[in-house]
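Since the structure comes first, as structure tokens, the remarks are kept for the end.
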Amino acid sequence: MKNSTLPTGISLWRKILNKLMTVLIIVTVVLAVIPLLLILGDVFIRGAPAISIGFLTKLPTAPNVPGGGIANAIVGSFTMVGIASLISVPIGVGAGIYFSEWSSSKLSTVSGFMNDVLTGFPSIVLGLFVFVVIVLTTKQFSAFAAGVALSLVMLPIIARTTSESLKLVPTTLREASLALGIPRWKTVLRIVINTGKNGLLTGILLAVARATGETAPILLTASTSVYFAKSIFQPTASLTVLIYNYGTSASRIWQTQAWGAALVLILIMLGLNLLVKFTVGRHLSGSRVET
Amino acid sequence: MRFRLPRGDTILKIVLVAAAVFIIAIVVGLAIELYLGSAQSIRTFGFSFLAGTKWLPTQNVLSALPFIYGTLLTSAIAIVIGFPISLGVAVFISEKLKSHQNFGYALGTVVDLLAAVPSVIYGLWGVFVLIPILRDYVEVPLHKSLGFIPLFSGNPFGYDFFTAGVILAIMIIPTMSAVTRDVLSVVPNSQREAMYSLGATDWEVTQKSVLPYARSGIFGAFVLGLGRAFGETMAVTMVIGNIPNITTNLFSAGATLSSLIANEFGESSGVYQSAVIEIGLILFFVALLVNFLARFLLWRMTRGTRVKN
């Protein structure tokens, strides 16, 4: 498109190379987008026939008996992510506040760096850690252990997004509050957090979405089960491990149900993402008012 | 009242410091626990754990090399396929769509969505959709026409290094292209304008002015993508066939560090179990190294531009 503005003396080879690279770059974009369309398309097409009221409310059946459901896996997934949130939200938000409000301290630098390192750890390593610490010592796979493992997945995400969104709160706001004689703890808890709370919420929702889609840490800590768990201290089914087990099984019925469960999982994650978009939107409009 | 105020400050600070220290404690605790868990295996096998080529739990002959090899090979395939594509997507969004920001934003969001799809769904899709396609339209033709090359010599049946590498490529493209996009967006416009004013074509501006300026950050994105490929578990486990193997043949079943853990953590006991945990320890150190490198490169890139602006 810029060729018309180029000097006339430009060589043919440079023009051809320019066009060629443009085409090549467009090809890479097409190659990157095709898998997404295929994956989403396949999940909807193959998953939809499996979905019914019974599928969502019944317990699993034996490999080749039709009519089973995934109710216990849905409940299990929510239980684990709930436990993980209870652990990771207070600690993550606390660490995030520290990173943002005491950003010049040495502890803040070291812990912030460790936080980034934790974000980059393979989730199976986190799962193996909890397997060694909790599952091997209690000799019991449990939803509780899975919750702890997932909290390690969520923690660094929450800490990072909290500190990023609190850093966006104007310094003048803090200074104005302190100048009025309001103590620092009240300034932080009432004014800084209140101003940045939508960004904070976004981070928590992103972390919840990430934890909901995790498989490896749950496989190593909660194992699976075909019943509703009676307590959080026994093996518990989850959507992702069920997709893994059913998807790699030889049973046709289970394979179809794996696609159904995948669709349910995608819809949950899509819902969380829409919720994030909603809060980000409010977050942006909120900060515009402030400046 | 005057005495309650500093007390509130102290309490808040103690709570927040505890949270920050907790994060450090987790990383340190991870290293210690994985080391203690693998102590028995380290004592039994010593350095030969990294040198032997066999994994035979029933005979107590255990070595990590086949899994290190599998992780490196599948990641290499993923990078060879995924890196040029990520670079292309990033250049397209940041350079070609400079004057169409909304479309660029929409395309970026679509690619980012790929990163939100859970790994197990990639695996499911890999088993039922990608494996038949790759086997029938890529692997079999390659084997028939270029079978004399050791890479393509195996009889393809789909569950192999190659499929795992392709799945990994699809999974790391969003990470790499998003970071590269961010890096290209901090390249100052004066850098491009100077080249245009010399009469350069679009491609020459990108190739000689934008990419060299951003190379440190692009390498950071490369390393981050590599880190993601190293640690990815479920999708790989579902398509790689899970047979420890050291071979140049891409169409042969294999196993990676993470797929081994996912498959054998539960069935093990004694020194066997300890060896599985040592595999985790190796993965831990690899992830640590890759992360340090990536953060350092990205930090250097962003710091450099802040100075220049």
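In square nanometres, what is one fourth of the surface area of the convex hull spanned by the alpha carbons of region A:3-50?
So the Cα hull casts an average projection of 4.3 nm².
Treating only the Cβ atoms of Lys and Arg (+1) and Asp and Glu (-1) as charged, compute the dipole magnitude of region A:53-290 about its Cα centre; round to the nearest 20 debye.
300 debye
Calculate how large, on average over all directions, the projected area of the Cα convex hull of chain B is; give the answer in nm² to one decimal.
With every direction weighted equally, the projected area is 23.9 nm².
Amide H of A:LYS58 versus every other amide H placed in the peptide plane: which residues, excluding those fewer than 5 positions away on the same chain, fall under 5 Å?
A:GLY69, A:ILE70, A:ALA71
How high is the FRET efficiency from B:LYS13 to B:LYS144, r the C-beta distance, R0 45 Å, rounded to 0.05?
Efficiency at R0 = 45 Å is approximately 0.05.
Using the beta-carbon distance between B:LEU198 and A:LEU17 and R0 = 22 Å, what value does 1/(1 + (r/R0)^6) give for FRET efficiency, to the nearest 0.05?
The formula returns an efficiency of 0.85 here.
Could you tell me which of B:LEU289, B:ASN249, B:ALA164 has its Cα farthest along the dipole of the protein assembly as shown towards the positive end, charges placed at Cβ (Lys, Arg +1; Asp, Glu -1), taken about the Cα centre?
Selected residue: B:LEU289.
Could you work out the mean projected area of the convex hull around the alpha carbons of the protein assembly as shown, in square nanometres to one decimal?
Hull-based average projected area comes out at 31.9 nm².
Amide H to amide H, which residues 5 or more places from A:THR236 or on other chains are under 5 Å from it, using H placed in the peptide plane?
Under 5 Å from the amide H of A:THR236: A:ALA143, A:THR224.
Taking only the Cα atoms of region B:92-189, how large is their convex hull per residue, in Å³?
136 Å³
P(r) for region A:1-149, please, calculated from all Cα pair distances in 5 Å bins and given in %.
2, 7, 8, 9, 9, 10, 11, 10, 8, 7, 7, 5, 4, 2, 1, 0
Under 10 Å, Cα contacts only: if you run a Gaussian network model on chain B, which one of B:ILE277, B:ILE131, B:ILE14 comes out with the highest mean-square fluctuation?
Evaluated over chain B, the most mobile residue of the options is B:ILE14.
Pick out, from B:ILE279, B:VAL236, B:LEU184, the residue whose Cα sits farthest towards the positive end of the charge dipole of the protein assembly as shown, with +1 on the Cβ of Lys and Arg and -1 on the Cβ of Asp and Glu.
Of the options given, the answer is B:LEU184.
Which of rounded, prolate or oblate describes region A:177-232 when judged by the alpha-carbon gyration tensor and an a/c cut-off of 1.5?
Numbers: a/c = 4.63, a/b = 3.11, b/c = 1.49.
The shape class here is prolate.
Need one number: nm distance between label points at B:LEU50 and A:LEU180, each 7 Å from Cα along Cα→Cβ, rounded to one decimal.
Between B:LEU50 and A:LEU180, the simple spin-label model gives 6.0 nm.
Report the label-to-label distance for A:ALA250 and B:SER190 in nanometres (one decimal), using points 7 Å from each Cα along the Cα→Cβ vector.
Taking the two extended label points, one gets 7.0 nm.
Give me, ordered by chain and number, the residues 5 or more places off B:VAL61 or on other chains with an amide H under 5 Å from its own placed amide H.
Long-range HN contacts for B:VAL61: B:LEU56.
Once Lys and Arg get +1 and Asp and Glu get -1 on their Cβ, which of A:PRO122, A:ASN194, A:ILE83 lies farthest toward the positive end of the dipole of region A:53-290?
Result: A:ASN194.
Mean Kyte-Doolittle hydropathy of 0.0 or higher plus an axial Cα length of 30 Å or more: which whole DSSP H helices in chain B meet both?
B:4-45, B:65-91, B:161-185, B:270-308
Please tell me the relative contact order of region A:53-290 in percent, rounded to the nearest whole number, where contacts are Cα pairs under 8 Å and at least six residues apart.
With pairs under 8 Å counted, the relative contact order is 26 percent.
Just how large is the dipole of the protein assembly as shown about the Cα centre, in debye to the nearest 20, putting +1 at every Lys and Arg Cβ and -1 at every Asp and Glu Cβ?
1640 debye
Would you count, across chain B, every pair of lysines whose alpha carbons are under 24 angstrom apart, provided the pair is eight or more residues apart or spans two chains?
Working: B:LYS96/B:LYS208; B:LYS98/B:LYS208; B:LYS98/B:LYS308; B:LYS208/B:LYS308.
Count of close lysine pairs: 4.
Residues in region A:246-272, backbone N under 16 Å from the label point at A:ALA62 (7 Å along the Cα-to-beta-carbon vector): list them, ranges by number please.
A:250-254, by backbone N distance to the label point.
Can you pull the three principal axis extents for the Cα set of region A:53-290, in Å, largest first?
Sorted largest first, the three principal extents are 71, 40, 29 Å.
Taking the Cα centre of each part, how many Å lie between region B:31-59 and region B:214-230?
Measuring centre to centre over Cα atoms gives 30 Å.
So if I take the alpha carbon set of region B:1-86, get Rg, then get Rh from the Kirkwood formula, what is the Rg over Rh ratio?
Numbers: Rg = 23.8 Å, Rh = 17.8 Å.
We get a ratio of 1.34 for region B:1-86.
Quote the charge dipole size of chain B about the Cα centre in Debye, to the nearest 20; the model charges only the Cβ of Lys and Arg (+1) and of Asp and Glu (-1). Could the numbers behind the result be given before it?
Details: 20 positive and 15 negative charges, 254 e Å.
It works out to roughly 1220 debye.
Computed from the coordinates by the stated procedures, all read-outs in this text should not be read as laboratory data. Predicted, not measured: the structure shown is a model, and the values here were computed from it. Neighbour counts are summed over all protein chains in view; Cβ atoms, including those assigned to glycine, are modelled from backbone coordinates with ideal geometry.
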